[in-house]
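Notes follow once the structure below has been shown.
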Amino acid sequence: MPLHASQSDRDIETAVKNSHVFIKYLQNDDIKISSKDGVVTMTGVVSGNYHKSLAHETVAGIPGVKSIDN
């Protein structure tokens, strides 16, 4: 994997975790974020479907995200 792809993936993961939505509304949910080549995988437990949708919409808005698996 090229170095820039790895750095971009770390940037995506950091951006998601530091997003206003994750800090303010999803901090009590157990969501793990990983990114590989711009494909973000979310795993964990959320308190309801609304939080799942909110997490998905937030990740989709992060620059560099190509697709989301959850």
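Each value in this text was obtained by applying a stated rule to the coordinates, not by laboratory testing. Note that the structure is predicted; figures quoted are calculated from it, not measured. Cβ sites come from the backbone with ideal geometry, for glycine too, and all protein chains shown count toward neighbours.
Report, in degrees rounded to the nearest 10, the 0 to 90 angle that the Cα long axis of helix 3-17 makes with the longest principal axis of the chain.
10
Residues with amide H under 5 Å of Asn70's amide H, sequence separation 5 or more or different chain, H placed in the peptide plane at 1.01 Å from N; which?
Amide H neighbours of Asn70, under 5 Å, 5+ apart: Met42.
Taking 0.36 nm per residue of separation and subtracting the Cα-Cα distance, what length does fully extending Lys36 through Ser67 add? Don't skip to the answer; put the middle values down first.
Working: separation 31, 0.36 × 31 = 11.16 nm, distance 1.02 nm.
That pair, Lys36 and Ser67, stretches by 10.1 nm at full extension.
How far, in nm, would the chain grow between His56 and Thr14 when pulled straight, counting 0.36 nm per residue and subtracting the alpha carbon separation? Display every interim value, and only then the final one.
Values: separation 42, 0.36 × 42 = 15.12 nm, distance 1.54 nm.
Gain in length upon complete extension: 13.6 nm.
For the chain, state the average projected area of the convex hull of the C-alpha atoms over all orientations, rounded to one decimal in nm². Don't jump to the answer; show the numbers that get you there.
Numbers: hull surface 16.5 nm².
Taking the Cα atoms of the chain, their convex hull projects to 4.1 nm² on average.
For Gln7 and Ser47, calculate 0.36 nm times their separation in residues minus their Cα-Cα distance, and state this gained length in nm to one decimal.
Numbers: separation 40, 0.36 × 40 = 14.40 nm, distance 3.10 nm.
Length difference between fully extended and current span is 11.3 nm.
For the stretch 23-38, take each phi angle, set θ = phi - 60°, evaluate the Karplus expression 6.51 cos²θ - 1.76 cosθ + 1.60, and give the result in whole Hz per residue in order, putting x for glycine and proline.
Whole-Hz 3J(HN,Hα) from phi for the stretch 23-38: 6, 7, 10, 10, 5, 8, 8, 9, 10, 9, 10, 9, 9, 9, 6, x.
Grab the other residues whose beta carbon is less than 11 angstrom from that of Ile31, score K and R as +1, D and E as -1, and report the net. Before the final figure, lay out each step's value.
On the way: positive: Lys17, Lys32, Lys52; negative: Asp29, Asp30.
Net local charge, Ile31 excluded: +1.
Roughly how tilted is helix 49-60, in degrees to the nearest 10 and between 0 and 90, from the longest Cα axis of the chain?
So the helix axis and the longest Cα principal axis differ by about 20 degrees.
If you place +1 on the Cβ of every Lys and Arg, -1 on the Cβ of every Asp and Glu, and leave all else neutral, what size is the dipole of the chain about its Cα centre, to the nearest 20 Debye? The partial results should precede the final answer.
Numbers: 7 positive and 8 negative charges, 13 e Å.
Charge dipole, the chain, about its Cα centre: 60 debye, nearest 20.
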